[in-house]
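Inspection log for the structure reproduced underneath, given as structure tokens.
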Amino acid sequence: MAAVERTLSIIKPDAVSKGATGAILSRFEDAGLSILALKKIRLSEEQARGFYAVHKERPFYSDLVEFMSSGAVVVSVLEGPDAVSRHRDLLGPTNSNEAPKGTIRGDFGTDIERNAGHGSDAPETARIEIAYFFNATEILAPVAALPA
Ligand code: CMP
């Protein structure tokens with residue numbers, strides 16, 4: 001049986017600025033992922049540098065930091081069966097030029113940098129990435145039923 005996992009999603013500035021936030025969030029829910037936490041923020045360069053610190057030696061790092069702090073992003077915590085891989089399947093391949101239509105990166109991204117979305121690559125990474133943006137009190141379980 002699939003394990004229930006949590007993952008961090010970032011809808012990147014390219015997708016937010018083209019008005020794709022609602023369409024992308026719908027794809028998550030339609031795929032059985034519950035949104036436990038959600039906020040729209042603008043990352044400072046320092047926040048973007050910290051989030052992508054694992055890539056700091058890569059040649060694309062400074063461009064990536066500049067892009068990620070260039071406009072609003074929508075960050076969320078998603079939960080569901082196999083949430084990490086399910087979310088990454090919805091995103092599609094990293095390079096939007098190679099991502100098929102029907103995937104988020106294929107439909108809303110442009111290239112490898114402006115690729116519409118980020119998703120954690122493993123449950124352990126997800127824990128670190130979720131804590132980067134959200135306090136425990138901001139993460140709410142889906143309400144199965146409201147009291148009468
Ligand atoms: P993301 O899933 O946010 O994780 C790291 C990001 O770095 C990745 O999506 C891409 O947007 C970006 N990235 C990865 N490889 C390259 C590359 N070769 N050139 C430019 N950007 C890259």
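The values are calculated or read from the model by the stated rules, or taken from the named source; none is laboratory data. From a predicted model like this one, the values you see are computed outputs, not experimental measurements. Ideal geometry is used to build each Cβ from the backbone, glycine not excepted, and the neighbour counts take in all protein chains shown.
Quick notes
- Options 87, 55; residue that is touching a Phe, Trp or Tyr at 6+ places or on another chain (Cβ under 8 Å) and free of Cβ contacts under 8 Å to residues at least 40 places away in the same chain: 55
- The residues in region 66-96 that are of a type in the set (Gly, Ala, Ser) and either in contact with a strand residue (DSSP E or B) (Cβ under 6 Å, 6 or more places away or on another chain) or surrounded by 20 or more Cβ atoms within 10 Å (Cβ to Cβ) (or both) can be counted, and the count is 6.
- Residue that is in contact with a His (Cβ under 7 Å, 6 or more places away or on another chain), modelled with pLDDT of 95 or more and either part of a loop (DSSP other than H, G, I, E, B) or small (Gly, Ala, Ser) (or both), where the choices are 26, 85, 9: 9
- Subset of region 90-146 that is of a type outside the set (Gly, Ala, Ser) and in a strand (DSSP E or B) - its residue that is farthest from residue 40 (Cα to Cα): 101
- Region 111-138, subset loosely packed, with under 14 Cβ neighbours inside 10 Å and of a type in the set (Val, Ile, Thr), residue farthest from the ligand (Cβ to nearest atom): 137
- Of all residues in region 29-52 being within 16 Å of the ligand (Cβ to nearest atom) and part of a helix (DSSP H, G or I), the one that is nearest to residue 85 (Cα to Cα): 51
- In this structure, residue 40 qualifies as among the basic types (Lys, Arg), touching a residue at least 12 places away in the same chain (Cβ under 8 Å) and under 19 Å from residue 133 (Cα atoms).
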